[in-house]
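Only one structure is covered here, and it is reproduced in the block below.
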Number of protein chains: 2
Amino acid sequence: METVPREEIRERISRFQTALAANDLAGAFILQNADRFYFTGTIQSAVLFVPSSGDAILMVQKNLKRAQLESSLDTVIRVKNKNHIPQVLNDFGVNQLATAGLEMDVLPANLYIEFQKQFSKCRWVDVSGIIRKLRMIKSAYEIEQIKKAAAILHTGYTEIKKIIRAGVTELEIDGHLAMIARREGHMGMMRMRGWNQEMTHAHVLAGDSGSVITFLDSPHGGTGNTPAMAQGAGFRRIKANEPIGIDYGVAVNGYIGDQFRTYVIGELSDTFKKAHACSREIHLLLAQEAKPGVSCAQLYDRAVQKATKEGYGDFFMGYGEGQVPFIGHGIGLEIDEYPIISPRFDGILEEGMVFALEPMFVLPQQGIVGLEDDYLVTSGGLERLTLTEQSLIQI
Amino acid sequence: METVPREEIRERISRFQTALAANDLAGAFILQNADRFYFTGTIQSAVLFVPSSGDAILMVQKNLKRAQLESSLDTVIRVKNKNHIPQVLNDFGVNQLATAGLEMDVLPANLYIEFQKQFSKCRWVDVSGIIRKLRMIKSAYEIEQIKKAAAILHTGYTEIKKIIRAGVTELEIDGHLAMIARREGHMGMMRMRGWNQEMTHAHVLAGDSGSVITFLDSPHGGTGNTPAMAQGAGFRRIKANEPIGIDYGVAVNGYIGDQFRTYVIGELSDTFKKAHACSREIHLLLAQEAKPGVSCAQLYDRAVQKATKEGYGDFFMGYGEGQVPFIGHGIGLEIDEYPIISPRFDGILEEGMVFALEPMFVLPQQGIVGLEDDYLVTSGGLERLTLTEQSLIQI
């Protein structure tokens, strides 16, 4: 099985250590699966300690052998439980922590309190922002993984044409997308950092389903088939001449690909044709203008201006309280990575960023149309990683 | 769409309030999706405040209209963001919180710190134990939901016989199980409370795959197809005469059904036949002995005694560091609910508990066999909720 190359891990730890030192931190404890996988190559139960200089120590609770096989770190050792961490660190010469980092956006309160007790003199700093900024810039290896995910998405979008027929339920389409994804090697889940946000492999939203708002930090929600889930496909049967919005995501070796395509059996109404063409124009405009140095807020503004000029401003990226203040988001080990193409994200595009660009229009009680692809920021501009050429797929 | 009945919500809040008062708590804030769904019927973004007496207040950030439709609580109001919570509570006459509860096993540290700042005089107590004990006893409504999930599992286990052929990959079988689950109404995910534990709809583990240990708090792990996931199905092709362990879970209206069956193309070896028969005997023995008043530790001991007597003690519920100290777990809105049938769980069986009973044997480098079904504890003993009769399914 493919493991994360040694050089990747070394480089990531090194960049993190530079950031820790710059922030006057003695080190940081990394526990969350996505972050720990990023820095070690394994999600076996463990606590990683990264000092601002010196060797990182992976303290494994379960399963040591597998962690040693999967991770290229030099120091992968057993720790009986978290209470033994101070002693283990002491054995490695780490006996005073004045200021150290934790992933405080995701670490549960009880674990935070445990760290407070075990290192009673330490001041704790949230390093999630530092980590998210490191992870924002992708290596060639990481981009390769996203391309593999993109290839599976394309297979899914192509094969699913055979399933989309009038009378089929959203859930049947969703189920087939799940089947194709797993068959081709989707790892089985997509991670999302935001707490209480929950991510499924697909949203299949036909007609009015596409306009149902939910808690999710996304321009679309859907009914789902229960308030307990409150998103995605439901038992609604698809009909001819209505937009069928399909947001589809898979992950390979941890890395996520994320696309949206609009399908229709027959023809869209003129309103939806126009809205879809507008989403495509905005998408292509932004894909052309985006390059290193361009601010995320500026890209967002360009999109809103264009949508407003076309008379669709109220329906851009949702409507009412369903409207979200972004038109794109970073992807990687999580689906809600940096950068966020949003006026609220203070940053410019940089080489090596990978993001999903997803201008969409949601018409109340009617449905959703849009176009989402994944892009790598290169010195010359954007390089598309997703493969599906058609933006509106007619059955 | 089916919403949680008003009487359910009222009863749950009332039982929680009794427990809050008994613990001298002025109230508790509930944020996590599964808990909030339990007490309100909605997972729309919101903070629930349950005072020890008086009306519960659901403060919704997104989406108010849907929350009001889905929840039968009387007080479902908009709150702009979490900073406004003290003011909102003040408006409702709640202006002093001396001691209050939070779900500190799941609440991220940053949110905990926000609560500390906003209610600077309040002492915070972890109420996750209280909530988990309330949720442990299921109502008739909840049992109905688990039965619906069980019906889907049975459909999946029946249909998948057509797909299981020599040469098919574990991932193809997994994908078909995903497809069937969604088509039949699986809500799209199963919630697990344990942090960093990650749950997929199935583990399909053929031959030696069934003996691969991973981080997961489960007797089986599997290779998965990447260290980034490190569990479940991989690209391994299934062969004749090897055990194919299929753990399958679905959720309906939030409630989880969870089963394990052993398949084989052809015949199992005598060793596996004997191990499987032993898991079945332990399963039936415990299903017969379990009734209100029996301690969880005692049930576990009975199982271990039997396994040891048959010479399989070292392989019962895993081997080496993969061995888990339980033979069953509560199911409900999460897959890791109380009771735990374990020496480490201090409790007795009570009427209304629902748990998955899963004696399994894992033979190193060889595979897994076992038998898992879901049971309701009634005054007369256990009532099986899962439907599949065959314990060893030959193709």
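Within the range A:156-175, the set of residues being in a helix (DSSP H, G or I) and surrounded by fewer than 18 Cβ atoms within 10 Å (Cβ to Cβ) comprises A:Thr158, A:Glu159, A:Lys161, A:Lys162.
Residues that are facing another protein chain (nearest Cβ under 8 Å), farther than 23 Å from B:Ala230 by Cα and buried (at least 23 other Cβ atoms within 10 Å of the Cβ) do occur in the range A:176-194, at least one of them. Residues that are within 23 Å of the chain's Cα centre (by Cα) and at the interface with chain B (Cβ under 9 Å from one of its Cβ atoms) are absent from the range A:6-16 altogether. Is the range A:361-384 home to any residue that is assigned to a helix (DSSP H, G or I), out of contact with any helix residue (DSSP H, G or I) (no Cβ under 9 Å at 6 or more places or on another chain), surrounded by fewer than 17 Cβ atoms within 10 Å (Cβ to Cβ) and not aromatic (Phe, Trp, Tyr)? Among the residues of the range A:361-384, not one is assigned to a helix (DSSP H, G or I), out of contact with any helix residue (DSSP H, G or I) (no Cβ under 9 Å at 6 or more places or on another chain), surrounded by fewer than 17 Cβ atoms within 10 Å (Cβ to Cβ) and not aromatic (Phe, Trp, Tyr), which makes the answer no. In the range B:70-99, the residues that are closer than 30 Å to A:Gly224 by Cα form no Cβ pair under 6 Å with any partner that is exposed (fewer than 12 other Cβ atoms within 10 Å of the Cβ), whether six or more places apart or across chains. Within the range B:305-316, being outside any helix (DSSP H, G or I) and either surrounded by 15 or more Cβ atoms within 10 Å (Cβ to Cβ) or in contact (Cβ under 8 Å) with a residue 60 or more places away in the chain (or both) holds for B:Glu310, B:Tyr312, B:Phe316. If you check A:Gln305, A:Gln323 for being farther than 18 Å from A:Ser218 by Cβ and polar (S, T, N, Q), only one passes: A:Gln305.
A single member of B:Val369, B:Val377, B:Val354 is touching a Leu at 6+ places or on another chain (Cβ under 8 Å), assigned by TED's automatic domain parsing to the domain that holds B:Val252 and over 30 Å from B:Phe37 (Cβ atoms), and it is B:Val369.
Residue-wise test of (1) in contact with a Pro (Cβ under 6 Å, 6 or more places away or on another chain); (2) among the aliphatic types (A, V, I, L, M); (3) in the same structural domain as B:Glu114 (by TED's automatic domain parsing); (4) at pLDDT below 95.
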| position | (1), (2), (3), (4) |
| --- | --- |
| B:Phe37 | no, no, yes, no |
| B:Thr40 | no, no, yes, no |
| B:Leu58 | no, yes, yes, no |
| B:Lys62 | no, no, yes, yes |
| B:Ser71 | no, no, yes, no |
| B:Ile77 | no, yes, yes, no |
| B:Lys80 | no, no, yes, yes |
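Report yes if B:Gly370 is more than 14 Å from chain A (Cβ to nearest Cβ), touching a Ser or Thr at 6+ places or on another chain (Cβ under 7 Å) and at pLDDT 95 or above, otherwise no. It is true that B:Gly370 is more than 14 Å from chain A (Cβ to nearest Cβ), touching a Ser or Thr at 6+ places or on another chain (Cβ under 7 Å) and at pLDDT 95 or above. Taken as a whole, the range B:212-222 holds at least one residue that is assigned to a loop (DSSP other than H, G, I, E, B), more than 21 Å from the chain's Cα centre (by Cα) and closer than 17 Å to A:Asn63 by Cα.
In the range A:130-139, the condition of being over 30 Å from B:Val127 (Cα atoms) and touching a Leu at 6+ places or on another chain (Cβ under 6 Å) is met by no residue.
Within the range A:260-304, the set of residues being touching a Gly at 6+ places or on another chain (Cβ under 6 Å) and part of a helix (DSSP H, G or I) comprises A:Ser279, A:Cys296. Could you go through the range A:373-394 and let me know if any residue there is modelled with pLDDT of 95 or more and over 29 Å from A:Gln145 (Cα atoms). Yes: one or more hits.
Restricting the range B:241-250 to residues that are more than 12 Å from chain A (Cβ to nearest Cβ) and of a type outside the set (Phe, Trp, Tyr), the residue that is farthest from B:Leu268 (Cα to Cα) is B:Gly249.
Each residue in the range B:92-126 was checked for being more than 21 Å from B:Ala34 (Cβ to Cβ) and touching an Asp or Glu at 6+ places or on another chain (Cβ under 7 Å), and 1 pass.
Let's see how each residue does on (1) crowded, with 23+ Cβ neighbours inside 10 Å; (2) assigned to a loop (DSSP other than H, G, I, E, B); (3) among the aromatic types (Phe, Trp, Tyr); (4) within 10 Å of chain B (Cβ to nearest Cβ):
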residue	(1), (2), (3), (4)
A:Asn196	no, yes, no, yes
A:Met229	yes, yes, no, yes
A:Ala233	yes, yes, no, yes
A:Lys239	no, yes, no, no
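Residue selection: B:Ala22 satisfies the criterion of being without any contact (Cβ under 8 Å) to a residue 12 or more places away in the chain and surrounded by fewer than 24 Cβ atoms within 10 Å (Cβ to Cβ).
The set of residues in the range B:225-267 that are without any contact (Cβ under 8 Å) to a residue 24 or more places away in the chain and either out of contact with any strand residue (DSSP E or B) (no Cβ under 9 Å at 6 or more places or on another chain) or not assigned by TED's automatic domain parsing to the domain that holds B:Gly332 (or both) comprises B:Pro227, B:Ala230. Somewhere in the range A:157-168, is a residue of a type in the set (S, T, N, Q), farther than 28 Å from B:Gln61 by Cβ and within 17 Å of the chain's Cα centre (by Cα)? Taking every residue of the range A:157-168 in turn, none turns out to be of a type in the set (S, T, N, Q), farther than 28 Å from B:Gln61 by Cβ and within 17 Å of the chain's Cα centre (by Cα). Being within 14 Å of another protein chain (Cβ to nearest Cβ), among the polar types (S, T, N, Q) and either surrounded by fewer than 24 Cβ atoms within 10 Å (Cβ to Cβ) or touching a Lys or Arg at 6+ places or on another chain (Cβ under 8 Å) (or both) holds for only one residue in A:Asn253, A:Asn225, and it is A:Asn253. Looking only at residues that are more than 7 Å from chain B (Cβ to nearest Cβ) and assigned to a loop (DSSP other than H, G, I, E, B) in the range A:198-211, which one is farthest from the chain's Cα centre (by Cα)? Restricting to residues being more than 7 Å from chain B (Cβ to nearest Cβ) and assigned to a loop (DSSP other than H, G, I, E, B), the top hit is A:His201. Criterion applied to B:Tyr338, B:Tyr300 was being in contact with a Ser or Thr (Cβ under 6 Å, 6 or more places away or on another chain) and closer than 20 Å to B:Asp258 by Cα, and the one residue passing it is B:Tyr300. Those helices (runs of 4 or more DSSP H) of the range B:43-153 in which at least 1 residues are among the β-branched types (Val, Ile, Thr), under 20 Å from the mean Cα position of the chain (by Cα) and buried (at least 17 other Cβ atoms within 10 Å of the Cβ), considering only elements entirely within it, cover B:128-136.
The values are calculated or read from the model by the stated rules, or taken from the named source; none is laboratory data. All of these numbers come straight from a predicted model, not from anything done at the bench. Don't worry about glycine lacking a Cβ; one is built from the backbone with ideal geometry, like all the others, and counts go over all protein chains shown.
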